[in-house]
Amino acid sequence: MSADATSPGTSGTAAESSAPTDTARAEDEPRPATYYHLARAVLYREFLIFVRYPANAIGGIVVSLFFFAALFLGGQLLAGQALTDSIEGIVVGYFLWTLSVGAYSSVSNDIGSEVQWGTLERHITTPFGFAPVALLKGVAKVVRTFLTSAVILAVMLLATGTRLSLAPVTVVAVAGLSIVSVLGLGFAAGGVTVLYKRIGNWLNLLQFGFVALISAPVFDLPWTRFLPLAHGSAMLQRAMVDGIRLWEFPVADLALLVAVAVGYLLGGYLVFQFATGRARRLGVLGDY
Amino acid sequence: MARSATSARGGPRERGDTREEPDDVSPDETTGPPALAVEDLTKRFGDGDDAVVAVDDVSLTVERGSVVGLLGPNGAGKTTLIKCALGIVIPDAGSVRVFGNDVRDGRRAAYADVDAMLEGARNDYWRLTVRENLRYFATISGVDPDSVAARHDRLLDRLDLADKADTPVRDLSRGMKQKVSLASVLAGGAELVFLDEPTLGLDVESARTLRAELRRLAVEEGLTIVVSSHDMTTIEAVCDRVVMLSNGRIVADDTVEALLGAAASDAVRVASPDLDAETISELRERFEVVDVDRDARPPAMTVAAGGDRLYEIMDALRAAGVTVSDVRTVQPDLEEVFLERTGSDLGAGRGGDPR
């Protein structure tokens, strides 16, 4: 960090003689921060917390793997060969589920914590406006979730001896766009938490609903494609199980994937905006 | 801390680049819009019979570079007033301007120059170090953190936090955490800073240090500070001017000296073991006995003693055979001024705390 370069000793010396002080003062006239600085600050903070407190990430990975083990072993007992035949589908679905839960809960819990810490107001009263800050935080959460889910995926593949197509661009693009819609749900839930503190905890249960969305029957009920995750999940299955590359998908499928992602993200953000606006009128923003 | 980047870029406070006149205060600095202008502000919480008027038609102007105290019991409307000024609470009526920018219309422009430390809030990230917090919140307030790195060092030096710059905030003591919270608020170079109960929960020593530092920052950095508190020691020590709030209304607005001066009652407190009920009732007939404290050791009474009355009181005491063990003039404090103006004391907030 460049701030470390200027030790208190250095500035002390400058302050002792008067002539250089004027120059120093002129030099440290504050410059406006750009979106680049904002992005750097927000992403760097996420990174610092990720590397400094790895227990949280590792804990999440362990819990996810435990659930998968229960699912896999329990399923083998009940379904036997049938499960083994569809194991690829289960691994891909579970991978997408951990991604979704990670993105959703990190955004909604983050908003909840920031309300408690009194830092949410400071992000709302920024000259940048809350939207870019929230978006950058969302990006950071998605990147972080991809890292932990990649570990989970690797362990699942090794443990079950499954082989999947792991073309990085395709997987990241399809899975990434799929969970952007969930990010929108996270913002909406966070907004509701700002208004009604207790409901926030209940909204965490929504993550189990993601299972239904991920396994939605998009072929029998085409309208389910417009729900979050459903269409993306179907595309991710084709990409990872059947080895279809991003550019091999029909344009309509890709367009729908993007539209669903943007639509829910925007919708979620609007709910958040509305909720914080109402909280400001009711005077409950930052009350805890 | 000097002006924020945003206002330095294009506002009326921009310095000309023709000549360097470091000590010259440009006329714009003194004649520009006030740091804070609140007009007819009203905020009501709840509906119908349960409605509470937290802020009731308040108008208030805070000039640049001044330190103003908001004094009042819990529920007087201090925090709501501050939150309205920050745009965190949207008022029902009235307007708030920060350096001429309407908080409601041009919020983003206003946000660059104002920041706040709100009551009981952490305000910063405990898992980051002190310096990381300063850099983060400087950026959030719209200032490139590299351009104010030296400033941050000075700030940390001044607040005695330089040794702890690279320590995560969670590992610091309560008093230090409070100072980091203050530093993070000042990190972005906001010129108008609201501090809501800044000494709440601090021990006597930490509170004293923080008060001294606030005063120093205000003078040396030319900050405009609005301090809200129900603790008059903080207000008396830090502020030039006091705005007293009660039930959402301003009940007094003047300098500390003027408020105390107006309340000066020219009274003396006389203590003596000889002050029994009989003596006191005799004295009551001739003098204005303001207060009697029989439980004090020795018993004491407070008597109005303007003009030549003091000599007469002393003569009367001698005549009554009272040996005086202690005489002192009664110094009014802000608490008494508040009591005088509102009929209630500072400790007594109204039932609910609508904030």
key: Index of the failed condition, B:Leu159 passing every other in (1) of a type outside the set (Ser, Thr, Tyr); (2) facing chain A (nearest Cβ under 9 Å); (3) in contact (Cβ under 8 Å) with a residue 40 or more places away in the chain   = (2)
inquiry  = I'd like the residue in segment B:108-124 that is in contact with a Pro (Cβ under 9 Å, 6 or more places away or on another chain) and within 8 Å of chain A (Cβ to nearest Cβ) and, out of all such residues, is surrounded by the most Cβ atoms within 10 Å (Cβ to Cβ).
reply    = B:Ala112
request  = For segment B:89-110, indicate whether the set of residues that are in the same structural domain as B:Gly77 (by TED's automatic domain parsing) and of a type in the set (Phe, Trp, Tyr) is non-empty.
outcome  = yes
Residue, nearest to A:Ala212 (Cα to Cα), within segment A:234-273, restricted to residues that are within 21 Å of the chain's Cα centre (by Cα) and of a type in the set (Phe, Trp, Tyr) = A:Tyr264
request  = Check whether at least one residue in segment A:218-229 is crowded, with 20+ Cβ neighbours inside 10 Å and of a type in the set (Ser, Thr, Tyr), and report yes or no.
outcome  = no
query = So which of A:Leu136, A:Leu43, A:Leu48 ends up being touching a residue at least 40 places away in the same chain (Cβ under 8 Å), in a helix (DSSP H, G or I), closer than 23 Å to B:Ala149 by Cα and within 14 Å of chain B (Cβ to nearest Cβ)?
reply = A:Leu43
key: Residue selected from segment B:295-334 under the condition touching a strand residue (DSSP E or B) at 6+ places or on another chain (Cβ under 9 Å) and among the charged types (D, E, K, R), by the criterion surrounded by the fewest Cβ atoms within 10 Å (Cβ to Cβ)   = B:Arg297
message = Quick check on my filter: what residues within segment A:1-59 are loosely packed, with under 13 Cβ neighbours inside 10 Å, at pLDDT 50 or above and in contact with a helix residue (DSSP H, G or I) (Cβ under 7 Å, 6 or more places away or on another chain)?
response = A:Tyr35
ask   = Taking segment A:243-284, which residues are of a type in the set (A, V, I, L, M), within 14 Å of chain B (Cβ to nearest Cβ) and not in a helix (DSSP H, G or I)?
value = A:Val284
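When the residues of segment B:133-180 are narrowed to those that are among the aliphatic types (A, V, I, L, M) and over 19 Å from B:Leu217 (Cβ atoms), which ends up surrounded by the most Cβ atoms within 10 Å (Cβ to Cβ)? Give the derivation first.
Step one: of segment B:133-180, the residues among the aliphatic types (A, V, I, L, M) are B:134, B:138, B:140, B:143, B:148-150, B:155-156, B:159, B:161-162, B:165, B:169, B:172, B:176, B:180.
Okay, now just the ones that are also over 19 Å from B:Leu217 (Cβ atoms), so B:140, B:169, B:172.
Numbers: B:Ile140: 27, B:Val169: 21, B:Leu172: 18.
Taking the candidates together, the pick is B:Ile140.
Of the residues B:Val89, B:Val148, which is within 7 Å of chain A (Cβ to nearest Cβ), touching a Gly at 6+ places or on another chain (Cβ under 9 Å) and assigned to a helix (DSSP H, G or I)? Break it down into steps so the answer makes sense when it comes.
Values: B:Val89 fails: assigned to a helix (DSSP H, G or I).
Testing whether each residue is within 7 Å of chain A (Cβ to nearest Cβ), touching a Gly at 6+ places or on another chain (Cβ under 9 Å) and assigned to a helix (DSSP H, G or I) leaves just B:Val148.
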ask   = Considering segment B:53-76 alone, what residues qualify as being within 14 Å of another protein chain (Cβ to nearest Cβ) and either in a strand (DSSP E or B) or under 16 Å from B:Ala116 (Cβ atoms) (or both)?
value = B:Val53, B:Ala54, B:Val55
task = Restricting attention to segment B:165-182, report how many residues are out of contact with any strand residue (DSSP E or B) (no Cβ under 9 Å at 6 or more places or on another chain) and hydrophobic (A, V, I, L, M, F, W, C).
result = 3
key: Complete set of residues in segment B:184-227 that are within 15 Å of B:Arg151 (Cα to Cα) and touching a Leu at 6+ places or on another chain (Cβ under 7 Å)   = B:Ser184, B:Leu186, B:Ala187, B:Glu191, B:Leu217, B:Leu223
task = Just one of (1) more than 10 Å from every other protein chain (Cβ to nearest Cβ); (2) assigned to a helix (DSSP H, G or I); (3) touching a strand residue (DSSP E or B) at 6+ places or on another chain (Cβ under 8 Å) trips up B:Val185, so point out which.
result = (1)
query = For segment B:97-107, which residues satisfy the criterion of being within 13 Å of chain A (Cβ to nearest Cβ), surrounded by fewer than 24 Cβ atoms within 10 Å (Cβ to Cβ) and either touching an Asp or Glu at 6+ places or on another chain (Cβ under 8 Å) or within 24 Å of B:Asn247 (Cα to Cα) (or both)?
reply = B:Asn101
inquiry  = Please pick out the residue among A:Gly161, A:Gly186, A:Gly191, A:Gly118 that is more than 16 Å from A:Thr98 (Cβ to Cβ), away from chain B (no Cβ under 14 Å) and crowded, with 16+ Cβ neighbours inside 10 Å.
reply    = A:Gly191
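If I filter segment A:87-98 for residues that are among the acidic types (Asp, Glu) and within 14 Å of another protein chain (Cβ to nearest Cβ), do I get at least one hit?
We begin by selecting, within segment A:87-98, every residue among the acidic types (Asp, Glu); these are A:88.
Next cut, within 14 Å of another protein chain (Cβ to nearest Cβ) only: none.
No.
To keep it simple, each residue is scored yes or no on (1) over 25 Å from the mean Cα position of the chain (by Cα); (2) in contact (Cβ under 8 Å) with a residue 60 or more places away in the chain.
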{"position": "B:Thr139", "(1), (2)": "yes, no"}
{"position": "B:Gly142", "(1), (2)": "yes, yes"}
{"position": "B:Lys179", "(1), (2)": "no, no"}
{"position": "B:Glu191", "(1), (2)": "no, yes"}
remark   = Log entry, pairs with first residue in segment A:188-205 being free of Cβ contacts under 8 Å to residues at least 24 places away in the same chain, second being in a helix (DSSP H, G or I), beta carbons closer than 8 Å, six or more apart or on different chains, reads A:Ile199/A:Val192; A:Ile199/A:Thr193
message = Please count how many residues of segment B:250-282 are over 16 Å from B:Gly306 (Cβ atoms) and either without any contact (Cβ under 8 Å) to a residue 60 or more places away in the chain or among the polar types (S, T, N, Q) (or both).
response = 16
inquiry  = Step by step: first the residues of segment A:164-179, then only those that are crowded, with 24+ Cβ neighbours inside 10 Å and among the β-branched types (Val, Ile, Thr), then the one that is nearest to A:Leu135 (Cα to Cα). Which residue is that?
reply    = A:Ile179
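For B:Leu186, are the conditions met, namely being closer than 23 Å to B:Tyr125 by Cα, touching a residue at least 12 places away in the same chain (Cβ under 8 Å) and under 13 Å from the mean Cα position of the chain (by Cα)?
So B:Leu186 does not fit the description; no.
The values are calculated or read from the model by the stated rules, or taken from the named source; none is laboratory data. Given the structure is predicted, the values throughout are model-derived calculations rather than measurements. Please note: Cβ atoms are built from the backbone with ideal geometry, for glycine as well, and neighbour counts cover all protein chains shown.
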